[in-house]
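Shown next, in structure tokens, is the structure this report addresses.
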Amino acid sequence: MEGWRLKLLAVGLSVLMLGAVAFSQNPPTFKTLSVGDFQWKGMDGLIVINAPTRTTVRVTGLADTVQTVTPDRLIATFDLSKAKPGPAVQVNLVVTSQVAGVNVQNSSVPFALNIDRRATVPLTVKVRPPRAAPGWVVTKADARCPASPCVVHFDGPASWENDASGKPNLNAYVDLTAPVAGDKFVVGNLPPSLEQSGTPLDATNFSKTVPVSGLDISGVEVQVEAKTATTSKQVVLVDSAPSHGPPSGYRVTAIAIDPIAVVITGRADALVKITTLSLPAVDLSSHTSTFTVTLSIPYPVGVSGSAQIARVTYSIAANPNVQASPSPTP
């Protein structure tokens, strides 16, 4: 009988020795992990502004098991089912392990969340006054998506859509980056931008809310109509070469034009090419002295001027360099 007792004691001691050896080779330990990809529950009608994206927790367990644990084996959950809107609402992030034998030491992490009401508001997209290229005037610029007026819907925090009194203060705009230089054209896929009480709303903050804020339409088109502007400038009148010069032995010594310049008015794109106006050519073949002629000023189509006629005076005299023909001998 005594022998059986000794044998049982020996077996028990052996088991304890084996356990001690195994325990020494696989002791309890811990590891710190950075956890993201939070789950959100109870979000009906709520939205979190500048929502947290990561937290650090400590997991414990036997060394062999803890060593294999990765952040994706942890589940981090916010439950907002009992939360109400406010700028610093205390909500705990509950972190649990999906690995048997591994525990999360700080399984409940407190956060102060900025919680707002979630709302959707329709916005009519307006086109900011476009820049016109020199010589052009914009007469119309309409946003279409595809109909006009273009109405988009912003889904996000109610505080971004209304002022403190609850009055809507969010507006949608679209901008043309290039100066307008054409009578009628369409620019497509322009992203709308938002302003809150005249201050641009930073679109990079849209992705920082849970759920993500944003517009239901990412790009709109703008139909533009423009016309060339009417302007005026002064140009000089110049004479053309005579269609026929003075008789043989005579030459033109001076030319005077009255007026010497006129003010022309017309489309800017047409006037930019006009630097002078040439008067019609004159036949001087029958004139041997000073001669004045009245000429109509030729304006291009669509251009008018401050004067309709010009007086051109040609001073004509004998050419001293031409010798008179000798008289015939009897």
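The values are calculated or read from the model by the stated rules, or taken from the named source; none is laboratory data. Keep in mind that what you see is a predicted model, and the values were worked out from it rather than measured. Neighbour counts are summed over all protein chains in view; Cβ atoms, including those assigned to glycine, are modelled from backbone coordinates with ideal geometry. Side chains are part of the model used for accessible areas, which takes the heavy atoms of the whole protein and leaves out ligands, DNA and RNA. Shrake-Rupley method; radii C 1.70, N 1.55, O 1.52, S 1.80 Å.
Here are the numbers for the structure shown:
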{"read-out": "Of 238, 210, 138, the one that fluctuates the most in a GNM where the chain has Cα springs shorter than 10 Å", "value": "238"}
{"read-out": "Sites residue 137 and residue 163, calculated FRET efficiency, Cβ-Cβ separation with R0 51 Å, nearest 0.05", "value": "0.90"}
{"read-out": "For residue 319, residues with placed amide H under 5 Å, excluding near neighbours", "value": "250, 251"}
{"read-out": "Phi-based couplings in Hz for segment 34-50 (Karplus 6.51, -1.76, 1.60; Gly and Pro marked x)", "value": "9, 10, x, 6, 5, 9, 10, 10, x, 8, 3, x, 10, 8, 9, 8, 6"}
{"read-out": "Descending principal axes extents, segment 62-108, alpha-carbon based, whole Å", "value": "44, 15, 14"}
{"read-out": "Degrees separating the helix 2-25 axis from the principal Cα axis of the chain, which is the longest one", "value": "10 degrees"}
{"read-out": "Charge dipole (debye, nearest 20) of segment 200-330; +1 at Cβ of Lys and Arg, -1 at Cβ of Asp and Glu", "value": "380 debye"}
{"read-out": "Cα convex hull of segment 190-229, projected area averaged across orientations, nm²", "value": "4.6 nm²"}
{"read-out": "Cα-based Rg of the chain normalised by 2.2 N^0.38 Å, two decimals", "value": "2.29"}
{"read-out": "Stokes-Einstein D for segment 47-142, Kirkwood Rh over Cα pairs, 25 °C, 0.890 mPa s (µm²/s)", "value": "137 µm²/s"}
{"read-out": "Largest-first ordering by accessible area, 1.4 Å probe, given options 250, 314, 299", "value": "250, 299, 314"}
{"read-out": "Accessible area of segment 149-267 belonging to carbon and sulfur atoms, whole % at 1.4 Å probe", "value": "53 percent"}
{"read-out": "Debye intensity ratio I(q)/I(0), log10, segment 118-218, q values 0.16, 0.20, 0.23 Å⁻¹ (C-alpha model)", "value": "-0.73, -1.01, -1.23"}
{"read-out": "In Å², nearest 10: area of residue 275 left accessible to a 1.4 Å probe", "value": "100 Å²"}
{"read-out": "Vicinal HN-Hα couplings computed from phi for segment 198-208 (Karplus, 6.51 cos²θ - 1.76 cosθ + 1.60; Hz; Gly/Pro x)", "value": "x, 9, x, 8, 5, 5, 5, 7, 4, 6, 8"}
{"read-out": "Compactness of segment 180-247 as Cα Rg over 2.2 N^0.38 Å, two decimals", "value": "2.52"}
{"read-out": "Cβ-placed point charges (K, R +1; D, E -1), dipole of the chain about Cα centre in debye, nearest 20", "value": "500 debye"}
